[in-house]
1. At 222 nm, what value in deg cm²/dmol follows for the protein assembly as shown if DSSP H runs of at least 4 each add -39500 (n - 2.57) and the sum is divided by all its residues, to the nearest 500?
2. Cα centroids of the range A:206-251 and the range B:56-126: how far apart, whole angstrom?
3. Please tell me the relative contact order of chain B in percent, rounded to the nearest whole number, where contacts are Cα pairs under 8 Å and at least six residues apart.
4. Once you order the gyration tensor axes a ≥ b ≥ c over the Cα atoms, which shape class does the range B:22-121 get: rounded for a/c under 1.5, otherwise prolate or oblate by comparing a/b with b/c?
5. Considering only DSSP beta bridges where both residues belong to the protein assembly as shown, give the percentage that are antiparallel (nearest 5).
6. Across the residues of B:172-182, average count of Cβ atoms on other protein chains within 10 Å?
7. How would A:134, B:177 line up from fewest to most surrounding beta-carbon atoms within 10 angstrom?
8. Between A:113, A:228, A:42, which gets the highest mean-square fluctuation from a Gaussian network model of chain A, Cα cutoff 10 Å?
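Coordinate-derived values only; no laboratory data. This is a predicted model, so every value here is computed, not measured. With ideal geometry, Cβ positions are generated from the backbone for all residues, glycine too; neighbour counts draw on all protein chains shown.
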């Protein structure tokens, strides 16, 4: 496996508050990296640092580097909009935009202004199939996305990200508002998507990391405590704090 | 002593109903009064003929056109500037002292009596810039007058668009401008349009600001440098100088009806738009 993202001595601040402390971490190609840790441990901030969504928050500041294909994404000549298309993001609450199902999936593609009509229809279908939503919505693509159920909306959001043709998929507690069946469907999708994408999954649910992640990283108070194969993190971690957390002693 | 909850509920409800009924009654009686006085004067030629003999005879065609053109100029200028300012304040800058000053200034301007705007427009546009009494001077003055309303209503509408929409738009690789045009503005449009309708209503009914800047010429305006009379000014002059009360009421009726039509039309268009976007 090759390194897809190299995080080096990376720190992040909101104003005077330090939210990430000198993180060193490699994300490997085509893995699912689970990121676990209690609330306010910095795991969502870490995710937002990777596609620079943190830039949108007032007072956000960084130190250190994050390299993708040898290029620091915090270099001034980086096209941030393009970067965000390469690292598609799925949020905790599904947020369909107030337009049709079709237009939601096509949104990112229309922004870049490339694809023509026929290819766009193909692309939308392909992405909906890959998130196993196609059968459920194929007859009502032009109806409002707001009318879908919560689980369907979250799969729509994943389809919308796939349509960007990203290299990475970043998921920020994607199942926190979903029932077990919807959660299982999304986890199935993730296992399939791993073949083509590198996936980083931030989750509050340690069991979810145990189920789907190849490797797991444990964050605490803005520090990366340890990262390793999921089995090892959950059975024989190096750090006592990791052990305490995965056993449910705190957090 | 506490009232029995049921009795309290009944009293409150009755009280609120009375207030609502009184409001509706007052509004309706104004409209009915104007229509009863005005409608008998109306016929087709009242709409299509220009005023004759200072407005004693003929119709009000030129003042209808004057009103339309003046309002159009005002809205065409104020809407882009107002919405643009609102977008800048909400999407392109952090909240800071400057934005607060701009907002405070807009609120103050919104409360200034329109005759002050008229005086300002007269000095700046009519005399200093030499536009004379004209559609241009009047339109610009009205634009200044309605600008604060458009800024503040647009700002509120834009602010009420969920932050999550912006996040999603950015995360899908939109630039800030794409986010504004494709996500924020469509979602905020009903609120923005409501603000613009209110402004149109104010422009149509405005006399003080217009009489100083667009003048009160009775002929049909031929260019933006023609002086022109609006319906509201026409009504004011007819009634004030005692030229013709019946024609004054006729004009008033048309004024009320046109505001009604504009509102209905905009609500219809907005309804269709909302259906398309949600």
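1. Working: 22 runs with 290 residues, N = 529.
The helix contribution divided over the protein assembly as shown gives -17500 deg cm²/dmol.
2. What the calculation gives is 60 Å, centre to centre.
3. Values: 371 pairs, mean separation 74.3, N = 278.
The normalised contact order for chain B reaches 27 percent.
4. Details: a/c = 2.93, a/b = 2.01, b/c = 1.46.
It is prolate, given that a/c is not under 1.5 and a/b is the larger ratio.
5. Details: 27 of 44 bridges.
The antiparallel proportion sits near 60 percent.
6. Values: counts 19, 18, 8, 4, 2, 0, 6, 2, 0, 0, 6.
Neighbouring Cβ atoms belonging to other protein chains average 6 per residue here.
7. Values: A:134 16, B:177 11.
By the 10 Å Cβ count, ascending: B:177, A:134.
8. A:113
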